[in-house]
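The values are calculated or read from the model by the stated rules, or taken from the named source; none is laboratory data. Computed from a predicted model, the values in this text were never measured in an experiment. When we count neighbours, we look across all protein chains shown, and the Cβ atoms used for this are built from the backbone with ideal geometry, even at glycine.
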Amino acid sequence: MKYLLLNGHGININVDGARLHIKDGRTSVKENPVKYIFNPKMIDFDNIVIYGHNGAITFEAMRWLIKHNVQLTLLNWNGRLLTNLMPTEAKQTKLKFKQYQAYQNKTKKVFLARKIIEAKIKGSQAVLDYLKIRYPEINDNIEKRASKLKQAKTVREVMNVESQVAMVYWKELKKILNKKFDFNGRKYGNSKRPVGAIDEINALLNYGYALLESQCYGAINSTGLDTHIGYLHEIQEGGAPLVYDLQEPFRWLVDYAIINALENKVFVKKDFIRTENYNIRLRPSGAKKLTKELEKIFNMKVDYKGKKYTWAFIIRMKTKELARYLSGKRLGIDFGNPMPVLERQDTYELRQKILNLSYSEAKKMGIGKGALHDLKRRAKGDKPFKIYKKVQEKLLSD
């Protein structure tokens, strides 16, 4: 998965001599927009994301992108997904018919809803476990709170369990995220829904979830399922319930990407701007940074069925597995397999060991004075760090 992000004013996409010409927008008068030229069959981007103010794209450019299987994603000023220009949809009429039948089957509908939330909870727990290694104040096990999921007999009951777990999850994340930027939780205002971001963290989350939504649209489009028929989210005018369903098991990818970026101090206050309606949005610099961070996580590889796949590809594989289940070619579906494996070296225990280590003790371990000084400096800081495995083993051995 590779994104090309276009920002600012004056974005232009056209075709000249069979080649695709792209001119990025500008955010200031002095800025010289970046230009890209792609020969036929030679484009290496999977998704062009437009987070700009104005510009133009020709019909021929749209046709060129569709022919080259490149998705075009248009985001709103607040990071919300406006629309997608998709490659040609897979024609699967019989599959869609099976999808509609499953929607009308209460048992299958509740089964799929449970499986979706079961996977979401596993991903959320993996993020909390990852944080707990570094931050001892993270202390809640949301999987225990999800025990009622197996007893849920309706989609509403499944959603109630998800709501309770999500409330605890965001409460725990708030302990960490508030150290980096302001974070007021995911529910606020009269609607109790994150419509517009009132703080920096929500602006990042909204943008990240929009790119995940775009990924799910692409996966469904290539499989031939109907985006308008979901099992957890109800049918709604202008909505895409199946896209929202497919997002749930993979939201942790966005959370993890943002947490990593915040720990590494990727974002600064200048990457955000407050609008006249008191919402926070990402400036082009912030959108570019976050797109890069998300791209890294989507391209992170995981073991599945004896091979290594990127998480972007896993999303497509799970969509195909769903299609096979709906068509009767699979007996079940597990959105939570593969499980996310999030590891880190800079544990709370290791940091304390380094900070409490004397120079004489370090010398006995074979750690020089300069090396120990550097370790202590990094252990005092907020940024994640790595050390050689042999040194780590020496520090943690008693």
Practice prompt. Could you name every one of the strands (runs of 3 or more DSSP E) located completely within segment 1-92 that has at least 1 residues being touching a residue at least 40 places away in the same chain (Cβ under 8 Å) and outside the structural domain of Ile280 (by TED's automatic domain parsing)?
Written response: 3-8, 11-16, 19-23, 47-52, 55-57, 71-75, 81-85
Worksheet item: Which condition number does Asn105 fail, the rest of (1) surrounded by 14 or more Cβ atoms within 10 Å (Cβ to Cβ); (2) closer than 30 Å to Ala166 by Cβ being met?
Response: (1)
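Would you pick out the residues in segment 247-257 that are touching a residue at least 40 places away in the same chain (Cβ under 8 Å) and either within 25 Å of Glu321 (Cα to Cα) or in contact with a strand residue (DSSP E or B) (Cβ under 8 Å, 6 or more places away or on another chain) (or both)?
Glu248, Pro249, Phe250, Arg251, Trp252, Leu253, Val254, Asp255, Tyr256
Please work out which residue is modelled with the highest pLDDT, limiting yourself to segment 383-397 and to residues that are surrounded by fewer than 12 Cβ atoms within 10 Å (Cβ to Cβ) and not aliphatic (A, V, I, L, M).
Per the stated criteria, the residue is Lys383.
Quick check on this structure: which one of Asn277, Asn260 is in contact (Cβ under 8 Å) with a residue 40 or more places away in the chain, among the polar types (S, T, N, Q) and assigned to a helix (DSSP H, G or I)?
Every option except Asn260 fails the conditions.
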Item to complete: Note down all Cβ pairs under 7 Å where the first residue falls in segment 356-371 and is within 14 Å of Val391 (Cα to Cα) and assigned by TED's automatic domain parsing to the domain that holds Ile387, the second is surrounded by 10 or more Cβ atoms within 10 Å (Cβ to Cβ) and among the aromatic types (Phe, Trp, Tyr), and they're at least six residues apart or on different chains.
Response: Lys369/Tyr359
Worksheet item: Quick one: which of Lys288, Lys296, Lys353 is of a type in the set (Lys, Arg), assigned to a helix (DSSP H, G or I) and in contact with a strand residue (DSSP E or B) (Cβ under 8 Å, 6 or more places away or on another chain)?
Response: Lys288
Worksheet entry | Hits in segment 325-350 - residues which are more than 21 Å from Lys120 (Cα to Cα) and part of a helix (DSSP H, G or I) | Tyr348, Glu349, Leu350
Practice prompt. For Leu262, indicate whether it is surrounded by 23 or more Cβ atoms within 10 Å (Cβ to Cβ), at pLDDT below 95 and not assigned by TED's automatic domain parsing to the domain that holds Ile48.
Written response: no
Worksheet item: Mind checking which residues of segment 1-26 are farther than 25 Å from Glu213 by Cβ and in contact with a Pro (Cβ under 6 Å, 6 or more places away or on another chain)?
Response: Ala18, Lys23, Arg26
Worksheet item: For segment 139-174, which residues satisfy the criterion of being farther than 30 Å from Lys106 by Cβ and at pLDDT 90 or above?
Response: Trp170, Lys171, Glu172, Leu173, Lys174
Discussion item. Taking the conditions exactly as written (over 30 Å from Thr107 (Cβ atoms) and in the same structural domain as Leu204 (by TED's automatic domain parsing)), does Asn221 satisfy them or not?
Written reply: no
Worksheet item: Got a number for residues in segment 293-308 being within 16 Å of the chain's Cα centre (by Cα) and without any contact (Cβ under 8 Å) to a residue 24 or more places away in the chain?
Response: 2
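Are any residues in segment 54-71 under 25 Å from Ile273 (Cβ atoms) and either surrounded by fewer than 15 Cβ atoms within 10 Å (Cβ to Cβ) or at pLDDT 95 or above (or both), and if so, which ones?
Across segment 54-71, the qualifying residues are Asn54, Ala56.
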Discussion item. I need a count of the residues in segment 142-186 that are closer than 21 Å to Glu234 by Cβ and outside any helix (DSSP H, G or I).
Written reply: 4
